[in-house]
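Accompanying notes for the structure given below.
The values are calculated or read from the model by the stated rules, or taken from the named source; none is laboratory data. What you see is a predicted model; the values in this text were computed from it and never measured. Methodologically, a virtual Cβ is constructed for each residue, glycine included, from the backbone with ideal geometry; neighbour enumeration extends over all protein chains shown. Ligands, DNA and RNA are excluded from the accessible area calculation, which covers all protein heavy atoms including side chains. Shrake-Rupley method; radii C 1.70, N 1.55, O 1.52, S 1.80 Å.
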Amino acid sequence: MENALLNKDLYNKLLTVSCRLLGLGSRFLLTFLLTKEISLEFQGEYTLMSTTVALLIILFGFDFYVYANRLLIKQKKNEVFFFKNSLVFYSFSYLLLLPFIWYTTKNFDVVDVGPFWILYFLIVFEHLGQELFRSYIALRKPLFANVLLLLRTGSWAGIIVFGLVFIKDFQISIPGILELWLLFAFITCVLGIAFYPNIKSFTRERIDFKWIKKGIGVGLTMFMSTICLKVIEYSDRYLITFFLDKTELGIYALYFQLANLINVIIFTMYISFIYPDIIQGVHEKSRDSTLGAMKNIQRKTLFIVISYALLSVVLIPIFLKYIGRSELYPNIPIFYILLTAFLFLNLNFSYHFAIIGFEKEALILKATFLACVFNIFMNILLIPLFGIYGAAVALLTGNFVLFLVKRKFGKNLMDQWR
């Protein structure tokens, strides 16, 4: 029986990772083929639009999910209450989004997106789909969550890839991409809501504005932390462009994407399965349970990163030979610096979710802000001196500071149980 359960758990994890990698692969191939089959300019417009959608989701989502999902994990009931009241908050956010999108599409003619409502509803359903994904993770249903993610992020991209590869004279426009993307975001939301636990009681659940108000306070703190994280993630690219040139940025971006793959693997295979146990352990004031889940994340993170590093020794030279970019060979060490940076980023999550369990989001903001300051300072100091190696070291420094500070805060909180 125990072996059967272990085999089922492994099978579910492999299916979960497969869904995530299929989605990532479709988006990667789409980016490559838009450049190859259409034009670099078109690919740039697509990148601009997809980045804009991602940033607007962060801006108008307000990280409210942290509050709702924490309670979802702790209470193990009232799922529809949390979902309905979160949706009430998001509805106000979507109303604020409407004039913003209308004004932007009317006054900034950088990219033709077609009718403004396409972009507006895309952001609405893409955000709602993202929140459903997070809710199913909190409900300990990561496989279904990643099936929804594949449908929302990979299906439409896969259709376009198929058209570009196999259909002669296939044509696609930015509005066409957005319409197809919107269709699958909508389908994802319909399925996610249809299978949501106890969704039939949705209309009977009360709306609690006090609950929503408290969630806004938690969300604001986490939102500011997210902004700091995004500065750490993206500031190096802007500073490389400012101090160096776009060729150096291209080299750095390639190794960044190769190293960043480890984040997807670790979160999909392990963190998404384990982090609810950390929050639940804190809620039950079980030191052994909480520490056990935290150490589980740390051990498996170390194992995966080391395995990936060893495998990359063989695979990266093969990959570089395939794409025919000889200028990338001397910069292979950047990959390993970035991989180390992502090691500390993932190790910090064990303490991150413990702090969330203690409802001390202000400590996360302090840690993230401090890491952000270190990262910007190191970027400005090191990039002019050491080029893209300086940027990689700056990212490593920021993530290491983030890990150390969250580790200190997390241990201080758990020492209360002694």
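Comparing 356, 278, 380 in a Gaussian network model of the chain, where Cα atoms under 10 Å apart are tied by springs, the biggest mean-square fluctuation is seen for 380.
A helix-only calculation puts the chain at -28500 deg cm²/dmol for mean residue ellipticity at 222 nm, using -39500 (n - 2.57) for each DSSP H run of at least four residues, averaged over all residues. Within the straight-line cut-off of under 19 Å between alpha carbons, the aspartates and glutamates reachable from residue 366 are 63, 233, sequence neighbours fewer than 8 places apart in one chain being disregarded. Taking 7 Å steps out from each Cα toward its Cβ at residue 381 and residue 194 produces label points 5.6 nm apart. Expressed in Å, the radius of gyration and Dmax of the Cα atoms of the chain are 21.8, 69.
Taking each pair of different alpha-carbon atoms in the stretch 17-169 once, compute 1/r for the pair, average those values, and report the inverse of that mean as the Kirkwood hydrodynamic radius in Å to one decimal. Display every interim value, and only then the final one.
Numbers: mean 1/r = 0.0581 Å⁻¹.
For the stretch 17-169, the Kirkwood estimate is 17.2 Å.
Taking Cβ atoms as reference points and 9 Å as the exclusive limit, the residues near residue 388 contribute a net charge of -2, counting Lys and Arg as +1 and Asp and Glu as -1. On the principal axes of its alpha-carbon atoms, the stretch 268-364 has extents of 55, 25, 16 Å, going from largest to smallest.
Distance between the 7 Å Cα→Cβ label points at residue 373 and residue 116: 4.1 nm. In the context of the full set of protein chains, residues of the chain present 50 Å² of accessible surface per residue (probe radius 1.4 Å, heavy atoms only).
A simple spin-label model places pseudo-atoms 7 Å from Cα toward Cβ; at residue 75 and residue 242 they are separated by 4.5 nm. Using Cα springs under 10 Å in a Gaussian network model of the chain, which residue among 30, 164, 315 shows the largest mean-square fluctuation? Most flexible of the set in this elastic network: 315. Within the listed set 105, 203, 16, the residue fluctuating most in the Gaussian network model of the chain (springs between alpha-carbon atoms under 10 angstrom) is 203. For the stretch 81-147, the square roots a ≥ b ≥ c of the C-alpha gyration tensor eigenvalues yield an a/c of 1.5 or more together with a/b not exceeding b/c, which makes the shape oblate.
Full extension of the chain between residue 159 and residue 18 gives 49.0 nm of extra length, using 0.36 nm per residue less the Cα-Cα distance. With the alpha-carbon atoms of the stretch 298-418 aligned to their principal axes, the span from lowest to highest coordinate is 56, 33, 17 Å, starting with the largest.
Legend: calculated FRET efficiency, residue 41 to residue 166, from the Cβ-Cβ distance at R0 = 25 Å, rounded to 0.05, equals 0.55.
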